[in-house]
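Engineer: After the structure tokens below, expect a handful of questions from me.
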Amino acid sequence: MATNQTNRLSSGGVIDRSTPLNFRFDGKSFSGFQGDTLASALVANGVKLVGRSFKYHRPRGILTAGSEEPNALVELRTGARREANTKATTAELYDGLEAASQNRWPSLRHDFMSVNQLFAPIFVAGFYYKTFMWPAKFWEMIYEPAIRRAAGLGRAAVAPDPDHYDKAWAHCDVVIAGSGPAGLAAALAAGRSGARVILCEEDFVPGGCLLSDDGTIDGLPAAEWLARTLAELSSMPDVRIMTRTTLFGVYDGGTYGAIERVNDHLPTPPEHQVRQRLWRIVAKRCVVAAGAIERPIVFAGNDTPGVMMASAMRTYVSRYAATPAKRIALFTNNEDGWRTVETALAAGLQIAAVIDARPDVSPAHRSLASKNGFAVLHGSVSGVDGGKDGVRKISVSLTGGARAEVEADGLAVSGGWNPAVGLTSYHRGRPKWRDEISAFVPDGAPPGMVAAGAANGDFGLGACLSQGFAAGAAAARDAGRNGNAGTAPVADDETFSLTPLWHVAGKGKAFVDQQHDVTASDIELAQREGFESVEHLKRYTTLGMATDQGKTSNVGGLAIMAAVTGKSIPETGTTIYRPPYVPVAIGAFAGHHRDETFHATRLTPSHHWAAEQGAIFVDTGLWKRAQWFPRAGEKDWLESVTREVKAVRGGVGFCDVSTLGKIDVHGPDAGAFLDRVYINTFSNLAVGKARYGLMLREDGLVYDDGTTSRLAEDHYFLTTTTAKAGLVMQHLEFCRQVLFPELDVQLTSVSDQWAQFSIAGPKTRDLLKEIVDPVEDLSNEGFPFMGAREVALRGGITARLFRISFSGEMAFEISVPARYGEAMARNLMQAGKQFGVTPYGTEALGVMRIEKGHVAGPELSGTTTATDLGLGKMMSTKKDFIGRVMAGREALVAPDRQVVVGIKPVDKARRLRSGAHIIPKGQTPGPDNDQGYVTSVCFSPTLDQWIGLGLVERGRERIGEIVHAHDPLRGEDYDVELCNPVFYDPDGGRQRG
Amino acid sequence: MRITCPFCGERELGEFTYLGDAKPQRPVADAGEEAVYDYVYLRDNVAGVMAENWYHGGGCRAWLKVTRNTLTHEISSVEPAAGAGAAKVGA
């Protein structure tokens, strides 16, 4: 049964006591209320020990109440939804929540690895670098696995993430980070001015510090002003308040990244809803009102459970009505820390003592102390007695040298405040030091951004309100919104006095970075060993490199470094700030782009028909293409493909080739344009004719190939390979717009507009006659090889018909508007039944092109020249074209280049594999005698053996030579014969017939 | 980053493809191998303001000359390529 909330106050807090929630932590049942975080519910149940530390397995408790938390990290949820390193301080409680502590075995209370503390002297900064340098394989086999078991954070889920994530864009005039007093005032001013405002708040309730600290605004109690302000903002249609949303990054051009935890406050997202949503917010202006983070003071035992930031203690008591301790001591170096005393007293808690590092304490505080019977000690905390059950006793070094001890079960610490300078520093910004608050403040900000209030180093409530309001009004004005902003809310400023104190010398470990277990002595060690620069310090000690990115530790760490080097803190400097401000799940960046929706899927016009036929599909870029069409009884793909090839060579078959890139080239200079982008000439191509063309890159290597037809004097129809369709379009647009703007030519991508089928085999004409209007002359005279023109089809639509052949057979390609593609496939099947028409896929297509010696992707590899491919004669010498000059470079015309050649196994029964290296016969294979490799192979049904193409040194001069194929990947060695790459119908009679 | 396309308006980076330095000019046909070699391979590594070729492939397919500061990503001008749009140079 759920235990009682022993540390819950009987009244108060921003929690809904009518909605109790049950949850489990490390298998034990507890209860909390709606409005709790996991941390506040643990506090309310008196749980102090929540985790073990990263390196030393020290017992740790809850340090903060926000996203800066270094210690209270848990594994939240179970199974596939288990998420490691979740901050208990920001995890909203829900009914049934399950969380487990991390880094402990067998249990949190009895952690075996806490023996690491005994070995602490070897776990100092840089110990990985020093200890395990040698021997190298010991690192891999022994040290690393052992260390990985011992050190680390939580366990990631091992099953695929079952949740969905979304990505969305938002546009506004003003985006505001943070809904504390400054952010709310900014939203009021911008909203009243008529600006479109997005207010992002990472908490699940807006209000920021107003939820925890009292105060008076416009004469109203803070809570009342907050309610009134939220009501006014909600009434403005162009103001959007996004809670559970952290603005985590700043990008160029006023683009901001935000993560919205849409459904993390529920056990699982409701059906059809996402877990988280990644926002890209485009805003004309940004007001950073992200507040400030209270900073710890480093002293021995400062990581003992029960040591908590003073402001966090206030938050637990005021906002959650949960008491972290019964008898509290405060260690402060500033005025603000005392507010925790006031809050604790008001809640009926006992104050053990206040240890104040400042020389003076105000008379008001002195009288508060005497009235409530606690001592004010001038000095510092030098040690904490306690352990996994929390703080017991506090050692104090008094100013002047005496010592004192204070008995308490909780210690609130305030070392001052650090403005949250992350967002303002993300564009290589370096914050500047402000002496009067001993903290870094923004020094400028990315374009369009301004910081206000505590984020700008002005901590007073009145200052936050007036600065926020002014920033909001200015942002709206800059965005062109000039409505009446009204008057700014008014409040008094608290006095702020602080005596800098970073580190108290003492006996025992004093932690700077609690998440990465970096101690003050680690920093001193880094300095002694020469790692003084902050960037070196960070990497050598791992200070600030944990999931909290050093929000509570970075400034303290460099202050200690400054002290040991005798430099000032600003001289010591800060490391570079980089987004994200809080950890963001990779799933959120991926959004819906995972699994089958990782990328878009393109379906060919005949896809659904092919699926009905039982086609096996292959991914070709974004396309799904029919690879082969198995028939009942066929035992493997080879049998199906062999049947398809034989059917084409012996009768007729068809294949959807719509994936080819298709570009209409229009204009009086279309021919001149093509002459410049192809190595061969197109301006002299007759209307009604097609020609194979080859393009080079400007560096002289082959870029792409395809058939281009001239459909009219000023209209060419150009095709590209499937893979390069988009890139060739981009290249041609570059040629047209940038290189040759004087040419009167226009390009139109029509890849998706036309369904194109290859119809091949000796019975092609018979089949076409059933489809094409009888008036069209398809005879060899009426439609010769390489003819291209529009024809009417039976039924009235117009098609483009091209007499081109990739298979080497008598063949046509027919194009119809894409919407007729599926009907065309069905018609071809219907009309071709009498001729035994056979649909074929990309495998059969590939087999026939290898049999015919046509080059394709494996040969157009980006390393071959036109001559390498056997197409050098196509290069015109009468005109300039892209790549012409570079193609003439010495190395590209060298006689010993690897060129396309045919390859046959000497043992006719042998299977060839692409990738095998070609070595001269009788030599031991090695890099010195590697003469090329096999690029494409297939089983040729026509030749009844495996054949291939390869790129082989001087290959064309060596036809008939027996060479050695060496395939170390598959452990195969065999002899092959170099041969003419055109295995089938070398004189081309069949395609002309 | 956001680029204001002269034809489409302000659009986000994902719609555009980067090519590189817009300064090198393609040599005339008889310029010789050295000149073409420079054009194809030699590039300045500018830390600061430079003119670049960008392609609005996710929009109007215009090639643009974008003047950008490589240190800050600040864009000071965006011009269509000479032959972008329907216009013919010299018509």
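Engineer: Please count how many residues of segment B:15-37 are exposed (fewer than 15 other Cβ atoms within 10 Å of the Cβ), part of a helix (DSSP H, G or I) and within 8 Å of chain A (Cβ to nearest Cβ).
Structural biologist: Within segment B:15-37, residues that are exposed (fewer than 15 other Cβ atoms within 10 Å of the Cβ), part of a helix (DSSP H, G or I) and within 8 Å of chain A (Cβ to nearest Cβ) number 1.
Engineer: On to the next question. Out of B:V40, B:V49, I need the residue that is more than 8 Å from chain A (Cβ to nearest Cβ) and out of contact with any Cys (no Cβ under 7 Å at 6 or more places or on another chain). Which one?
Structural biologist: B:V49
Engineer: Separate question: Enumerate the pairs (first residue in segment A:943-971 and over 22 Å from A:D985 (Cα atoms); second residue anywhere and hydroxyl-bearing (S, T, Y) and at pLDDT 95 or above) with beta-carbon separation below 7 Å, excluding pairs fewer than 6 apart on the same chain, so at least 6 apart or on different chains.
Structural biologist: That search, which allows pairs on different chains as well, returns A:A965/A:Y974.
Engineer: If you go through segment A:977-991 one residue at a time, do you hit one that is more than 48 Å from the chain's Cα centre (by Cα), among the aromatic types (F, W, Y) and not assigned by TED's automatic domain parsing to the domain that holds A:G651?
Structural biologist: First pass over segment A:977-991, keeping only residues more than 48 Å from the chain's Cα centre (by Cα): A:977-980, A:983-991.
Okay, now just the ones that are also among the aromatic types (F, W, Y), so A:983-984.
Narrowing the set further to residues that are not assigned by TED's automatic domain parsing to the domain that holds A:G651 leaves A:983-984.
Yes, segment A:977-991 contains a residue that is more than 48 Å from the chain's Cα centre (by Cα), among the aromatic types (F, W, Y) and not assigned by TED's automatic domain parsing to the domain that holds A:G651.
Engineer: Are there any strands (runs of 3 or more DSSP E) wholly within segment A:558-671 with 1 or more residues that are within 33 Å of the chain's Cα centre (by Cα), and if so which?
Structural biologist: Of the strands (runs of 3 or more DSSP E) lying wholly inside segment A:558-671, those with at least 1 residues that are within 33 Å of the chain's Cα centre (by Cα) span A:616-620, A:623-628, A:661-666.
Engineer: Further question: Quick check, is A:I586 among the aliphatic types (A, V, I, L, M), surrounded by 21 or more Cβ atoms within 10 Å (Cβ to Cβ) and over 26 Å from A:P762 (Cα atoms)? Spell out how you get there, then give the answer.
Structural biologist: Details: among the aliphatic types (A, V, I, L, M): yes; surrounded by 21 or more Cβ atoms within 10 Å (Cβ to Cβ): no; over 26 Å from A:P762 (Cα atoms): yes.
Criteria not met by A:I586.
Engineer: Within segment A:266-289, identify whether any single residue is part of a loop (DSSP other than H, G, I, E, B), among the polar types (S, T, N, Q) and under 25 Å from the mean Cα position of the chain (by Cα), and answer yes or no. Please lay out each step first, then the result.
Structural biologist: Here is the first cut: in segment A:266-289, the residues part of a loop (DSSP other than H, G, I, E, B) are A:266-275, A:289.
If we keep only those that are among the polar types (S, T, N, Q) as well, we get A:268, A:273.
When the remaining residues are screened for being under 25 Å from the mean Cα position of the chain (by Cα), the result is A:268, A:273.
The answer is yes; a qualifying residue exists.
Residue by residue, here is whether (1) crowded, with 21+ Cβ neighbours inside 10 Å; (2) over 26 Å from A:L696 (Cβ atoms); (3) among the hydrophobic types (A, V, I, L, M, F, W, C) holds:
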| residue | (1), (2), (3) |
| --- | --- |
| A:F734 | no, no, yes |
| A:F740 | no, no, yes |
| A:S749 | no, no, no |
| A:T764 | yes, yes, no |
| A:E770 | no, yes, no |
| A:S779 | no, yes, no |
| A:F783 | yes, yes, yes |
| A:L793 | no, yes, yes |
| A:I797 | no, yes, yes |
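Engineer: Could you grab me the full set of residues in segment B:59-74 that are within 16 Å of B:E15 (Cα to Cα) and within 11 Å of chain A (Cβ to nearest Cβ)?
Structural biologist: Answer for segment B:59-74, where residues must be within 16 Å of B:E15 (Cα to Cα) and within 11 Å of chain A (Cβ to nearest Cβ): B:C60, B:R61, B:A62, B:W63, B:L64, B:K65.
One line per residue, one yes/no per condition, for (1) charged (D, E, K, R); (2) buried (at least 23 other Cβ atoms within 10 Å of the Cβ); (3) more than 10 Å from every other protein chain (Cβ to nearest Cβ):
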residue: A:A690; (1), (2), (3): no, yes, yes
residue: A:M695; (1), (2), (3): no, yes, yes
residue: A:T707; (1), (2), (3): no, no, yes
residue: A:E713; (1), (2), (3): yes, no, yes
residue: A:T721; (1), (2), (3): no, no, yes
residue: A:G726; (1), (2), (3): no, no, no
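Engineer: A:F440 passes all but one of (1) in contact (Cβ under 8 Å) with a residue 24 or more places away in the chain; (2) under 19 Å from A:A470 (Cβ atoms); which number fails?
Structural biologist: Only one criterion is unmet by A:F440, namely (2).
Engineer: For residues in segment A:233-263 being of a type in the set (D, E) and crowded, with 16+ Cβ neighbours inside 10 Å, which is farthest from the other protein chains (Cβ to nearest Cβ)?
Structural biologist: Taking the candidates together, the pick is A:E260.
Engineer: Whether any residue in segment A:391-400 is away from every other protein chain (no Cβ under 14 Å) and modelled with pLDDT under 95 is what I want to check.
Structural biologist: Yes, segment A:391-400 contains a residue that is away from every other protein chain (no Cβ under 14 Å) and modelled with pLDDT under 95.
Engineer: Now for a different question. Looking only at segment A:734-758, count how many residues are of a type outside the set (D, E, K, R), within 13 Å of another protein chain (Cβ to nearest Cβ) and not in a loop (DSSP other than H, G, I, E, B).
Structural biologist: 9
Engineer: Any residue at all in segment A:264-273 that is among the aliphatic types (A, V, I, L, M) and more than 14 Å from chain B (Cβ to nearest Cβ)?
Structural biologist: The answer is yes; a qualifying residue exists.
Engineer: Quick test of your reading of the structure: A:L226 fulfils all but one of (1) surrounded by fewer than 21 Cβ atoms within 10 Å (Cβ to Cβ); (2) under 22 Å from A:G468 (Cβ atoms). Name the failing condition by number.
Structural biologist: (1)
Engineer: In addition: Restrict the check to segment A:915-928 and report whether at least one residue is within 24 Å of A:P986 (Cα to Cα) and basic (K, R).
Structural biologist: No: segment A:915-928 contains no residue that is within 24 Å of A:P986 (Cα to Cα) and basic (K, R).
Matching residues to (1) under 38 Å from the mean Cα position of the chain (by Cα); (2) small (G, A, S); (3) assigned to a loop (DSSP other than H, G, I, E, B); (4) away from chain B (no Cβ under 14 Å):
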site	(1), (2), (3), (4)
A:M848	no, no, no, yes
A:E851	no, no, no, yes
A:A856	yes, yes, yes, yes
A:E859	yes, no, yes, yes
A:T864	yes, no, yes, yes
A:T867	no, no, yes, yes
A:K879	no, no, yes, no
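The values are calculated or read from the model by the stated rules, or taken from the named source; none is laboratory data. Just so it is clear, the structure is predicted and the values come from calculations on it, not from any experiment. Glycine gets a Cβ as well: all are built from the backbone with ideal geometry, and neighbour counts include every protein chain shown.
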